[in-house]
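Here's the structure, in structure tokens; my notes come after.
None of the figures in this text is laboratory data; all of them are computed from the coordinates on show. All values reported here derive from a predicted model rather than from experimental measurement. Counting neighbours? That spans all protein chains shown, and the Cβs are built from the backbone with ideal geometry, glycine included.
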Amino acid sequence: MTETVKTAALVGAALVLAISAAVIEPEARVPAIMSDQGEAFYPAFTDAQAPRTIEVVDYDDSTATALPLKVQLQQGKWVIASRYNYRVDIGDRLAKTAAALMYLKKDMVRSDSPLDHAKYGVVDPLDEKASGLTGRGKRVTLRDANGGVLADFILGKPVEGKPGYRYVRVPGQKRTYAVKTDADPSARFADWVNAGLLRIASASIRKVTINRYNIDPTAGRMSNAETTVLTQDKGEWKAAAGEKIRLPAVHAMAAALDGLKIVDVRPKPPGLAAGLRHEELQLTLETALSLQKAGYFFTPQGRVFSSEGDMTVETNNGLMYSLRFGDVTAGDTKSGAPSDNRNLFVMVHFDAAKAAAYGGDAGAGERTARELNDRFADWYYVIGGKDFQNLRLGREATAHPAPPPSR
């Protein structure tokens, strides 16, 4: 056999062996890019109760601003650490979020190129070196009690043609995956705080007094005052002046009092907060500047005016809620986007005589007043524009409806 024939035979044999190997072991033909497809992202993360911190960073393309939120367990209490350690009761929310992220798998590899990150929406929102302002995703990080990372993802755009899938990348890695998941933790403060700031049940309300006015903070005078007084007895609402009630507006007000949700908070000075726990407003320079910045003004007589009026709500157990509506806030505290949100200053007073007149439980009312003032004392709350309009009713709540057009 000549050398040429021998060489050809060896090449042929090698080719046969290669084909046989491909048939017997097809995984050997899997490209390197598919090497981890189907694996768990974080196989060591197996306990949904383990997270003690969740960090969510969204991104506002219109303002090119990262929007971070951090919820953390501190001294046995859950707080929004990114907003002045505002205390929240998250229930099982974090555990559900953790469970949704815990079992994520690398279902389908879509790209190994950083050039595709923007296309799939998985650019890290915290990456200051990224050249573009679009294509940034939402970064979600879970940490244990020692600060160790349990899971860290960048959640991108939905996958085209595959409902329930979205693009996902691990920070610091190039590879992008299509992953089946409905996990989408919010970076909005309002989505993590307790629902219902006041929780005043409509049936417990006996009287509502709404004051609308304009103020001259320099002179400390009020003008264009208008007062609306509503009472409720056995579910029937009436206007003090005997005018006809527009029930939809009144019911919207009552619903807002029960389910009022805050969209942000700002801390009061410690001295002001300490006084409010004892229903005292002591005027100091720090207190005056803080109040004025939020839209509240002291008169020489020691009365507080609000830039957008106030209201008092009396309940059957002798509680008197004082709600003062302050200035429009500057907008989203992180993105700077404009808004119609308003500052809200809340105090509660217990009146034993009112409790007796309404036949309520005086003991429960007094205890509740102390608890509420302790909770409200530290904060200026921010409420949405729609809730503000529903609460601050004017003549439209009692005005007679327009007469039908003549024929």
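Given axes a ≥ b ≥ c from the Cα gyration tensor, I'd like to know whether region 195-262 is rounded (a/c under 1.5), prolate (a/b larger than b/c) or oblate.
Cα axes put region 195-262 in the oblate bin.
Which loop-located chymotrypsin sites (Phe, Trp or Tyr not before Pro) does region 76-112 contain, where loop means any DSSP state but H, G, I, E or B and the Cβ has at most 14 other Cβ atoms within 10 Å?
Answer by residue number: Tyr84, Tyr103.
Could you size up the charge dipole of region 43-109 around its Cα centre, putting +1 on the beta carbon of Lys and Arg and -1 on that of Asp and Glu, and report it in debye to the nearest 20?
Taking the Cα centre of region 43-109 as origin, the dipole is about 280 debye.
Lys162: which lysines have alpha carbons under 18 Å from its alpha carbon, excluding same-chain residues fewer than 8 sequence positions away?
Lys105, Lys106, Lys119, Lys180
Indicate the gyration tensor shape class of region 81-240 (rounded, prolate or oblate), computed on the Cα atoms with a ≥ b ≥ c the square roots of the eigenvalues: a/c under 1.5 is rounded; otherwise a/b larger than b/c is prolate and the rest oblate.
prolate
What distance in nm separates the simple spin-label points at Ala40 and Ala241, each placed 7 Å from Cα in the Cβ direction?
Placing both labels 7 Å along Cα→Cβ, they lie 6.8 nm apart.
Select from Gly275, Asn341, Val263 the residue farthest towards the positive end of the dipole of region 202-397; place +1 on Cβ of Lys and Arg, -1 on Cβ of Asp and Glu, and compute about the Cα centre.
Positive-most Cα among the choices belongs to Asn341.
Ranked highest first by average number of other Cβ atoms within 10 Å, how do 317-325, 200-208 line up?
On the way: 317-325: 21.8, 200-208: 17.7.
Per-residue Cβ counts within 10 Å, averaged per peptide and sorted highest first, yield 317-325, 200-208.
Grab the Cα-Cα distance for Gln389 and Ala201, subtract it from 0.36 nm times how many residues apart they are, and report the gain in nm with one decimal.
Values: separation 188, 0.36 × 188 = 67.68 nm, distance 1.91 nm.
Value of the extension gain: 65.8 nm.
Which ³J(HN,Hα) values in Hz, rounded to whole numbers, follow from the phi angles of region 369-377 under the Karplus curve 6.51 cos²θ - 1.76 cosθ + 1.60, where θ = phi - 60° and Gly and Pro get x?
With the stated coefficients, region 369-377 comes to 4, 5, 5, 5, 5, 5, 6, 7, 4 Hz.
What is region 53-191's relative contact order, in percent, from Cα pairs under 8 angstrom and six or more apart in sequence?
After rounding, I find 26 percent.
Round to the nearest 0.05 the FRET efficiency obtained for Ser113 and Ser186 when R0 = 30 Å and r is the Cβ-Cβ distance.
Calculated value: 0.50.
Relative contact order for region 202-397: what is it in percent, counting Cα pairs under 8 Å that are at least 6 residues apart? Walk me through the numbers before you get to the answer.
Values: 387 pairs, mean separation 52.9, N = 196.
Rounded, it is 27 percent for region 202-397.
For region 157-293, what does the relative contact order come out to in percent, with C-alpha contacts under 8 Å and a separation of six or more? Working shown, then result.
Details: 145 pairs, mean separation 26.1, N = 137.
Relative CO of region 157-293 lands at 19 percent.
Pick out, from Gly132, Tyr167, Leu115, the residue whose Cα sits farthest towards the positive end of the charge dipole of region 53-191, with +1 on the Cβ of Lys and Arg and -1 on the Cβ of Asp and Glu.
Farthest towards the positive end: Tyr167.
How would Ile210, Ile90 line up from fewest to most surrounding beta-carbon atoms within 10 angstrom?
Ile90, Ile210
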